[in-house]
Amino acid sequence: MIPPPVDVRAILSAIMEQADKDQSDSLDGDELSVIPALALQTSLGVLDSNSDKKLSRDEIKAWLEQVKKDGYTRQEASIYIRFRGQPAANASVKLVPEACMGGTIEYAVGTSDEQGLAYLTVHTGGQVGAHCGLYRLEVTGKQANGKPIPAEYGQGSPLGYAVGGGLPGVWHDKVDLETWPKASSPTPRP
């Protein structure tokens with residue numbers, strides 16, 4: 001296995017340029033949800049080393065350096081998809097790399113079973129899991145009642161997902177589409 005192509009400085013600069021609207025060298029509030037994978041409770045809880053509910057440039061840098069140091073190109077990734085409390089069976093699940101990842105990782109895909117469980121694989125080569133990094137989670141398919149899952153969760157979804165670098169690995173993450181962290185439009189600054 002070759003180490004992941006993590007350019008710490010380039011990715012960190014892209015994250016801060018994309019999300020640090022007040023140029024404070026830290027992300028908080030609405031800024032965290034610009035890249036929703038950073039707003040995940042698992043991400044924020046691990047990355048926020050001083051527990052101030054913000055992610056500083058140094059805290060994000062430390063995570064990226066850990067991803068690089070770990071040297072894993074990918075990790076296993078499986079997700080239970082639920083909508084309105086019910087499993088989303090036969091849903092298409094896709095992890096789309098955030099723009100800040102600079103094209104260094106590929107997207108991962110999977111299809112959920114009857115219980116809503118999707119095992120993800122890197123789209124080229126069918127490698128099990130997903131590359132370490134920050135993603136948007138896209139889900140398309142039908143609800144338990146046969147109606148389509150709302151289009152807002154499909155292409156361009158506001159949902160976030162993060163993989164690797166010491167983030168807690170849950171055997172099967174349980175994602176309830178309505179309550180999972182979402183991107184929001186940053187509050188305009190004066």
State yes or no: is residue 69 out of contact with any Lys or Arg (no Cβ under 9 Å at 6 or more places or on another chain), more than 23 Å from residue 94 (Cα to Cα) and of a type outside the set (Ser, Thr, Tyr)?
yes
Within the stretch 77-95, how many residues turn out to be without any contact (Cβ under 8 Å) to a residue 60 or more places away in the chain and at negative phi?
7
Selection from the stretch 116-135 of residues that are touching a residue at least 40 places away in the same chain (Cβ under 8 Å), under 13 Å from residue 75 (Cβ atoms) and part of a strand (DSSP E or B)
119, 122, 128, 130, 131, 133, 135
Criterion (open to solvent by 40 Å² or more (accessible area, probe 1.4 Å), aliphatic (A, V, I, L, M) and without any contact (Cβ under 8 Å) to a residue 60 or more places away in the chain) met by exactly one of 108, 62:
62
Inspect the stretch 113-124 for any residue being open to solvent by 70 Å² or more (accessible area, probe 1.4 Å) and over 30 Å from residue 68 (Cα atoms) and give the result as yes or no.
yes
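Condition check ((1) among the charged types (D, E, K, R); (2) under 24 Å from residue 47 (Cα atoms)) across all residues:
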position: 64; (1), (2): no, yes
position: 71; (1), (2): no, yes
position: 76; (1), (2): yes, yes
position: 93; (1), (2): no, no
position: 97; (1), (2): no, yes
position: 101; (1), (2): no, yes
position: 109; (1), (2): no, no
position: 118; (1), (2): no, no
position: 129; (1), (2): no, yes
Is it true that residue 68 is out of contact with any Leu (no Cβ under 8 Å at 6 or more places or on another chain) and open to solvent by 50 Å² or more (accessible area, probe 1.4 Å)?
yes
May I ask you to verify whether residue 62 is closer than 23 Å to residue 123 by Cβ, of a type outside the set (Lys, Arg) and assigned to a helix (DSSP H, G or I)?
no
Which of (1) touching a strand residue (DSSP E or B) at 6+ places or on another chain (Cβ under 9 Å); (2) among the hydroxyl-bearing types (Ser, Thr, Tyr); (3) under 29 Å from residue 10 (Cβ atoms); (4) open to solvent by 50 Å² or more (accessible area, probe 1.4 Å) does residue 92 not meet, given it meets every other one?
(3)
Could you list all residues from the stretch 136-173 that are part of a loop (DSSP other than H, G, I, E, B), modelled with pLDDT of 90 or more and either in contact with a Phe, Trp or Tyr (Cβ under 7 Å, 6 or more places away or on another chain) or crowded, with 23+ Cβ neighbours inside 10 Å (or both)?
149
Being over 23 Å from residue 155 (Cβ atoms) and over 16 Å from the mean Cα position of the chain (by Cα) narrows it down to one of 65, 31, 76, so name that one.
65
Just to be sure before I move on: is residue 106 of a type in the set (Asp, Glu) and closer than 28 Å to residue 12 by Cα in the structure I sent?
yes
Subset of the stretch 21-31, residues in contact with a strand residue (DSSP E or B) (Cβ under 7 Å, 6 or more places away or on another chain) and either under 21 Å from residue 161 (Cβ atoms) or open to solvent by less than 40 Å² (accessible area, probe 1.4 Å) (or both), comes to 26, 27
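The values are calculated or read from the model by the stated rules, or taken from the named source; none is laboratory data. Everything quoted here is computed from the prediction, not taken from an experiment. Quick reminder, even Gly has a Cβ in these numbers, built from the backbone with ideal geometry, and neighbours come from all protein chains shown. Each accessible area value is taken on the protein alone, full model and side chains, heavy atoms only, with ligands, DNA and RNA left out. Shrake-Rupley method; radii C 1.70, N 1.55, O 1.52, S 1.80 Å.
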